[in-house]
1. From the list LEU105, LEU157, pick out the single residue that is assigned to a loop (DSSP other than H, G, I, E, B) and either open to solvent by less than 70 Å² (accessible area, probe 1.4 Å) or at pLDDT below 90 (or both).
2. Among the residues of the range 166-223, which ones are over 20 Å from SER123 (Cβ atoms), open to solvent by 60 Å² or more (accessible area, probe 1.4 Å) and not in a loop (DSSP other than H, G, I, E, B)?
3. Give the residue that is nearest to LYS189 (Cα to Cα), with candidates limited to residues of the range 89-131 that are of a type outside the set (A, V, I, L, M) and in contact with a strand residue (DSSP E or B) (Cβ under 6 Å, 6 or more places away or on another chain).
4. Looking at the range 153-164, I want the residues that are farther than 12 Å from VAL188 by Cα and have a partner that is open to solvent by 50 Å² or more (accessible area, probe 1.4 Å) with Cβ atoms under 8 Å, at least 6 apart or on another chain. Which pairs are those?
5. Please name all residue pairs, on different chains or six or more residues apart, with Cβ atoms under 9 Å, provided the first residue is in the range 88-116 and is among the hydroxyl-bearing types (Ser, Thr, Tyr) and the second residue is assigned to a helix (DSSP H, G or I) and loosely packed, with under 14 Cβ neighbours inside 10 Å.
6. Looking only at the range 117-139, which residues are surrounded by fewer than 18 Cβ atoms within 10 Å (Cβ to Cβ), in a helix (DSSP H, G or I) and touching a residue at least 12 places away in the same chain (Cβ under 8 Å)?
7. Given the criterion farther than 18 Å from ARG135 by Cβ and within 15 Å of the chain's Cα centre (by Cα), identify the matching residue among LEU177, LEU201.
Amino acid sequence: MSLPLRAVIADDQALVRGGFRMILTADGIDVVAEAADGADAVAAVRRTRPDVVLMDIRMPQLDGIEATRQIVTGGADETRVLILTTYDLDHYVYAALTAGASGFLLKDVTPEHLVAAVRLVRSGDALLAPTITRRLVERFAQRDDAKAALHRDLSELTPRELEVLRLLATGLSNAELAARLTLSTTTVKTHVARILSKLGLRDRVQAVVLAYETGLVSPGGLG
């Protein structure tokens with residue numbers, strides 16, 4: 001049998017942590033730690049190495065954005081951070097995504113959506129809330145010439161990989177990419193993995209952000 005998915009919940013409100021713990025535990029997800037601030041969240045991740053962290057943005061001592069950055073750069077390569085927010089189209093949420101978060105959820109999420117989101121973010125096969133995520137990136141992302149130069153205008157990628165990246169930036173899942181390109185899902189997964197590896201990215205959220213920052217796609221230009 002496969003091991004249960006392991007999660008850490010970071011929020012300064014005990015009732016929120018308790019509610020999320022109850023929902024996740026009921027669905028077989030193992031909550032290995034809770035944290036009331038960002039510093040405790042970073043320590044908990046280093047101690048328990050969870051699969052997913054539910055991370056509030058506004059917390060004392062260390063906010064969720066900096067906590068996410070420390071987790072991502074601290075060697076927790078397999079841990080995915082899911083941001084908890086009150087407003088989805090928020091520049092703090094965008095900052096958390098650019099810091100390395102893999103997606104975000106509204107705090108009033110339904111139990112079913114919460115569980116599905118945690119599992120989806122862990123698998124990495126699709127973008128969580130693709131339409132809202134794309135709107136968020138379109139609103140706050142700006143062409144970054146320094147980043148474009150760093151990636152040499154994405155010249156590391158093959159023509160097929162560039163095509164996959166453009167479509168990935170629309171929010172398509174691996175299965176949807178496979179159908180659009182008439183490829184097997186396994187081949188698509190290989191293309192996505194190579195794109196992330198060549199560009200030094202953790203997951204598809206960072207790939208979407210980079211696609212905008214390098215000018216590969218532009219706001220309103222995806223159809």
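1. The match here is LEU157.
2. Once the filter is applied, which keeps residues that are over 20 Å from SER123 (Cβ atoms), open to solvent by 60 Å² or more (accessible area, probe 1.4 Å) and not in a loop (DSSP other than H, G, I, E, B), the range 166-223 yields ARG166, LYS198.
3. Among residues in the range 89-131 that are of a type outside the set (A, V, I, L, M) and in contact with a strand residue (DSSP E or B) (Cβ under 6 Å, 6 or more places away or on another chain), the one nearest to LYS189 (Cα to Cα) is ARG122.
4. The qualifying pairs are GLU156/LYS198; LEU157/LYS198.
5. Cβ pairs passing all conditions: TYR94/ARG139.
6. Answer for the range 117-139, where residues must be surrounded by fewer than 18 Cβ atoms within 10 Å (Cβ to Cβ), in a helix (DSSP H, G or I) and touching a residue at least 12 places away in the same chain (Cβ under 8 Å): ARG119, THR131, ILE132, ARG135, GLU138, ARG139.
7. When all the criteria are applied, what remains is LEU201.
Matching residues to (1) open to solvent by less than 10 Å² (accessible area, probe 1.4 Å); (2) assigned to a loop (DSSP other than H, G, I, E, B); (3) in contact (Cβ under 8 Å) with a residue 60 or more places away in the chain:
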{"position": "MET22", "(1), (2), (3)": "no, no, no"}
{"position": "ALA39", "(1), (2), (3)": "no, no, no"}
{"position": "ALA43", "(1), (2), (3)": "no, no, no"}
{"position": "MET55", "(1), (2), (3)": "yes, no, no"}
{"position": "GLU66", "(1), (2), (3)": "no, no, no"}
{"position": "ILE71", "(1), (2), (3)": "yes, no, no"}
{"position": "GLY75", "(1), (2), (3)": "no, yes, no"}
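The values are calculated or read from the model by the stated rules, or taken from the named source; none is laboratory data. Source: prediction; values computed, not measured. Here the Cβ is made from the backbone with ideal geometry for all residues, glycine too, and neighbour counts use every protein chain on show. Heads up: the accessible areas ignore ligands, DNA and RNA and are worked out on the full protein's heavy atoms, side chains in. Shrake-Rupley method; radii C 1.70, N 1.55, O 1.52, S 1.80 Å.
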